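A.B. asks: Before anything else, here's the structure in question.
Laboratory data are not the source of any read-out in this text; all were calculated from the coordinates shown. Because the structure is predicted, anything quoted here is derived from the model rather than measured. Here the Cβ positions follow ideal geometry from the backbone for every residue, glycine too, while neighbour counts run over all protein chains shown.
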Amino acid sequence: MDGNGRWAKAHHRPRAFGHKAGMNNVKTITKIASKLGVKVLTLYAFSTENWRRPTDEVNYLMQLPIDFFNTFIPELMAQNVKVNVMGFLDQLPEKTLAVTKKAMAETANNTGMILNFALNYGSRAEITSAVQSIATDVAAGKLATNQITDDLISARLMTASLGEFADPDLLIRTSGELRLSNFLLWQLAYSEFFFTDVHWPDFSEKEFDQAIDSYNHRDRRFGGLK
Ligand code: FPP
């Protein structure tokens, strides 16, 4: 969800104004995705590298999940949306952690779309942690090296609970940057990519439809032939 800062600048407003507009757009796009029948919508809300930003901005970004869940849970319930939050959650401020846990608990029995926030998430740290956990099991004699498979590695990543939807079909990045920024490096191996210059607060149903239409015209071969 890139471009909140540039969107704010274009409107001659502080960066926080852009993040707030970004949060409001999360509500809009969640409702659209859920109605479209998307199974999992994963949103990159805060990376393990975003702590490098000024304290005021970090504090504001950590407040956003609180505002979001305090105002949006009834709508999520109405849409049958289940919330999941993945990342290094023990490093989140206490209030942010409490509200995310509450949102997950309140929506746990919903059976519709999974709204999956990547919060304090970084793919390299995720993979490092998976490798450490596998190495620990090997050292303890619980696992043989020939039991380390693609599936075993996937099962140790933060997306494991998403099951068959752990690897995204489509990645959308807004605001013109053409890079992954440490997002789902393992899981995106065969995903389709869609880049748009539109800043996240302006990403609307129109752009979402364009992304899905583009996806529908892709020929996915997964390294094979058709
Ligand atoms: C990137 O734009 C955006 C972020 C680092 C924060 C994204 C967060 C939201 C959209 C709100 C999250 C909402 C919830 C409910 C958790 P940027 O700041 O890097 O923009 P710039 O590159 O234009 O400066």
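A.B. asks: Can you list the residues of segment 32-62 with backbone N under 18 Å from a point 7 Å past the Cα of residue 104, pointing along Cα to Cβ?
C.D. replies: 40-48, 62
A.B. asks: Still on this structure, I have one more. Send over the semi-axes of segment 123-226's equivalent ellipsoid, whole angstrom and largest first, taken as the square roots of 5 times the C-alpha gyration tensor eigenvalues.
C.D. replies: 33, 17, 10
A.B. asks: Evaluate Rg over Rh across segment 45-164, taking Cα atoms for both radii and Kirkwood's formula for Rh.
C.D. replies: Ratio of gyration radius to Kirkwood radius for segment 45-164: 1.04.
A.B. asks: Something else: What are the chymotrypsin sites (Phe, Trp or Tyr not before Pro) within segment 61-129 that DSSP puts in a loop, where the Cβ has at most 16 other Cβ atoms within 10 Å? Don't jump to the answer; show the numbers that get you there.
C.D. replies: Numbers: sites: 68, 69, 72, 88, 117, 121; in loops: 88.
When the chymotrypsin sites (Phe, Trp or Tyr not before Pro) of segment 61-129 are filtered for loop state and at most 16 Cβ neighbours within 10 Å, 88 remain.
A.B. asks: With the convex hull built on the Cα atoms of segment 10-60, state its orientation-averaged projected area in nm².
C.D. replies: For the Cα atoms of segment 10-60, the hull's average projected area reads 4.6 nm².
A.B. asks: At 0.36 nm per residue, minus the direct Cα-Cα distance, what do residue 155 and residue 88 gain on full extension? Give it in nm, one decimal, please.
C.D. replies: Once the chain is fully extended between residue 155 and residue 88, it gains 22.5 nm.
A.B. asks: Can you pull out the GluC sites (Glu not before Pro) in segment 13-83 that DSSP calls coil and that have at most 14 other Cβ atoms within 10 Å?
C.D. replies: Passing sites in segment 13-83 are 49.
A.B. asks: Roughly how big is the chain's charge dipole about its Cα centre, with Cβ charges of +1 (Lys, Arg) and -1 (Asp, Glu), in debye to the nearest 20?
C.D. replies: Here the size comes out at about 260 debye.
A.B. asks: Just for the Cα atoms in segment 1-112, what are the lengths along the principal axes, largest first, rounded to whole Å?
C.D. replies: So the three principal-axis extents are 39, 31, 21 Å.
A.B. asks: Between residue 127 and residue 195, what is the label-point separation in nm under the 7 Å Cα-to-beta-carbon projection?
C.D. replies: 2.0
A.B. asks: How about segment 79-183: which trypsin sites (Lys or Arg not before Pro) there lie in a loop by DSSP and see at most 14 other Cβ atoms within 10 Å?
C.D. replies: Numbers: sites: 82, 95, 101, 102, 124, 142, 156, 173, 179; in loops: 142, 156, 179.
Here the sparse-neighbourhood loop sites are 142, 179.
A.B. asks: Assign one of three labels to segment 94-135, namely rounded, prolate or oblate, based on the Cα gyration tensor with a ≥ b ≥ c the square roots of its eigenvalues; rounded applies when a/c is under 1.5, prolate when it is not and a/b is larger than b/c, and oblate otherwise.
C.D. replies: prolate
A.B. asks: In nm, what is the difference between 0.36 nm times the number of residues separating residue 32 and residue 148 and their Cα-Cα distance?
C.D. replies: Stretched fully, the residue 32-residue 148 segment lengthens by 37.9 nm.
A.B. asks: Could you work out how far apart the two model spin labels at residue 221 and residue 209 are, taking each label as a point 7 Å from the Cα in the direction of the beta carbon, and quote it in nm?
C.D. replies: 3.2
A.B. asks: Tell me the label-point distance for the pair residue 178, residue 95, using the 7 Å Cα-to-Cβ offset, in nm and rounded to one decimal.
C.D. replies: For residue 178 paired with residue 95, the spin-label model returns 4.2 nm.
A.B. asks: What fraction, in whole percent, of alpha-carbon pairs in the chain exceed 29 Å separation?
C.D. replies: Values: 7369 of 25425 pairs.
For the chain, the fraction of Cα-Cα distances above 29 Å is 29 percent.
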